[in-house]
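Novice: One structure coming up, written as structure tokens, with questions to follow.
Values quoted throughout were computed directly from the atomic coordinates according to the rules given, and no laboratory measurement underlies them. Note that the structure is predicted; figures quoted are calculated from it, not measured. In this analysis, Cβ positions are derived from the backbone assuming ideal geometry, glycine residues included, and neighbour counts consider all displayed protein chains.
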Amino acid sequence: MLLVLGANGQLGQGFKNAWPNDRIIYVDRTECDITKQDHVAATLDRCKPTIVINCAAYTDVNKAETDEGHVACTLINTTAVEILATETAKRNIPLIHISTDYVFDGQKNTPYTTTDTPSPINYYGQSKLDGENAFLKYARYGAIIRISHLSSEFGKNIVKTFHSLLKALPEMKVVSDQKICLTTTADIVNFVYKLSNLNPLKNSKNIYHLGSKDACTFFDLATEIKNTIQSKTALTPISLESFSGPVKRPLYSVLDTQSAQEIIDCPSWKKSVHNIIQTLEEEQ
Ligand SMILES: NC(=O)c1ccc[n+]([C@@H]2O[C@H](COP(=O)([O-])OP(=O)(O)OC[C@H]3O[C@@H](n4cnc5c(N)ncnc54)[C@H](OP(=O)(O)O)[C@@H]3O)[C@@H](O)[C@H]2O)c1
């Protein structure tokens with residue numbers, strides 16, 4: 001039995017949509033606040049999962065830079081991961097934890113491998129790296145899956161945002177010098193499905209990079225969506241520096257997905273965008 005924590009977020013909804021069956025237990029913040037050790041212990045004892053998947057996180061990168069954001073971000077992205085790792089380890093349960101390309105500083109110009117040294121440049125990235133370190137210290141078995149620019153038909157994400165802006169605005173300025181990968185909730189569900197049947201998850205701890213097999217910029221993304229929906233919005237390329245304001249973001253955050261490619265066939269970013277746009281258009 002798999003247990004999904006943080007089930008109401010974008011990724012949690014992706015799991016629910018793909019695996020609505022009775023082999024999965026979905027638990028949201030009201031049922032299990034992962035920052036509370038007693039909630040986590042009681043949930044694990046009640047559900048008796050064979051694998052725990054942590055989809056819960058503090059994901060507001062801008063707010064994370066504020067004093068109030070620092071506290072909440074550290075509690076959810078770091079302290080709670082230590083609690084999850086400790087409580088799952090006590091019960092010999094593998095933990096799958098989701099992390100981010102934002103653990104890297106973006107100074108490279110070749111894809112980040114799982115052996116590259118993280119060096120975050122914003123508070124969110126630091127809190128996620130501290131969470132990874134808590135996982136590596138306290139978890140017994142499991143996996144950290146680093147992803148990049150999570151997108152889907154659920155929640156808030158860059159593909160959905162561009163899709164609605166390209167229907168509403170006559171013109172848009174879009175960052176064209178930041179290189180990224182795109183990870184979809186479908187990629188993660190697919191990857192976790194395969195991983196959950198493999199032995200390494202049940203007797204070791206590994207880090208994986210999961211995302212599109214090729215890289216793009218936000219300008220590439222917006223252009224592809226514009227062409228797909230035949231939007232008339234005029235797009236103007238701008239630099240990340242002129243856009244990003246007080247929060248630093250990595251200029252280059254492409255993940256080397258070789259470790260994940262050994263387990264699933266990672267799609268191209270264009271294929272992922274087309275799948276999401278097709279679903280969004282069908283919903284309208
Ligand atoms: N979004 C991206 O572009 C991106 C990129 C790289 C990595 N990631 C990582 O991918 C994972 C999933 O992200 P996402 O986009 O699905 O995030 P999301 O939509 O913001 O969802 C996060 C969920 O966590 C829940 N949560 C927050 N604090 C909690 C707590 N104390 N106890 C239990 N649940 C709690 C939230 O509950 P409420 O609904 O009650 O607020 C929300 O449902 C995260 O680890 C994130 O760091 C995301």
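Novice: Has segment 89-97 got any residue that is buried (at least 24 other Cβ atoms within 10 Å of the Cβ) and near the ligand (Cβ under 10 Å from one of its atoms)?
Specialist: yes
Novice: Give the residue, chosen from 4, 27, that is over 21 Å from residue 194 (Cα atoms) and either under 20 Å from the mean Cα position of the chain (by Cα) or of a type outside the set (Asp, Glu) (or both). Reasoning before the result, please.
Specialist: Working: 4 fails: over 21 Å from residue 194 (Cα atoms).
27 is the lone residue from the list that is over 21 Å from residue 194 (Cα atoms) and either under 20 Å from the mean Cα position of the chain (by Cα) or of a type outside the set (Asp, Glu) (or both).
Novice: Just to be sure before I move on: is residue 23 more than 15 Å from the ligand (Cβ to nearest atom) and either without any contact (Cβ under 8 Å) to a residue 40 or more places away in the chain or under 22 Å from residue 186 (Cα atoms) (or both) in the structure I sent?
Specialist: Details: more than 15 Å from the ligand (Cβ to nearest atom): yes; either without any contact (Cβ under 8 Å) to a residue 40 or more places away in the chain or under 22 Å from residue 186 (Cα atoms) (or both): yes.
Answer is yes for this residue.
Novice: Here is a follow-up. Can you find a residue that is free of Cβ contacts under 8 Å to residues at least 12 places away in the same chain, assigned to a loop (DSSP other than H, G, I, E, B) and either of a type outside the set (D, E, K, R) or more than 30 Å from residue 226 (Cα to Cα) (or both) anywhere in segment 117-135?
Specialist: Step one: list which residues in segment 117-135 are free of Cβ contacts under 8 Å to residues at least 12 places away in the same chain, which gives 117, 126, 133.
Subset that is assigned to a loop (DSSP other than H, G, I, E, B): 117.
From what is left, the residues that are either of a type outside the set (D, E, K, R) or more than 30 Å from residue 226 (Cα to Cα) (or both) are 117.
Yes: segment 117-135 contains one or more residues that are free of Cβ contacts under 8 Å to residues at least 12 places away in the same chain, assigned to a loop (DSSP other than H, G, I, E, B) and either of a type outside the set (D, E, K, R) or more than 30 Å from residue 226 (Cα to Cα) (or both).
Novice: Could you say whether any residue in segment 57-74 is near the ligand (Cβ under 10 Å from one of its atoms), of a type in the set (Gly, Ala, Ser) and either under 23 Å from residue 130 (Cα atoms) or assigned to a helix (DSSP H, G or I) (or both)?
Specialist: Within segment 57-74, one or more residues are near the ligand (Cβ under 10 Å from one of its atoms), of a type in the set (Gly, Ala, Ser) and either under 23 Å from residue 130 (Cα atoms) or assigned to a helix (DSSP H, G or I) (or both).
One line per residue, one yes/no per condition, for (1) under 30 Å from residue 91 (Cβ atoms); (2) of a type in the set (A, V, I, L, M); (3) in contact with a Phe, Trp or Tyr (Cβ under 8 Å, 6 or more places away or on another chain); (4) touching a residue at least 60 places away in the same chain (Cβ under 8 Å):
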{"position": "178", "(1), (2), (3), (4)": "no, no, yes, yes"}
{"position": "191", "(1), (2), (3), (4)": "yes, no, yes, yes"}
{"position": "231", "(1), (2), (3), (4)": "no, no, no, yes"}
{"position": "282", "(1), (2), (3), (4)": "no, no, no, no"}
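Novice: Continuing with this model, one more query. Within segment 76-112, count every residue that is assigned to a helix (DSSP H, G or I) and of a type in the set (D, E, K, R). Walk me through how you get there before you give the answer.
Specialist: Filtering segment 76-112 for residues assigned to a helix (DSSP H, G or I) gives 76-90, 101-103.
Filter once more, keeping what is of a type in the set (D, E, K, R): 82, 87, 90, 101.
So the answer is 4.
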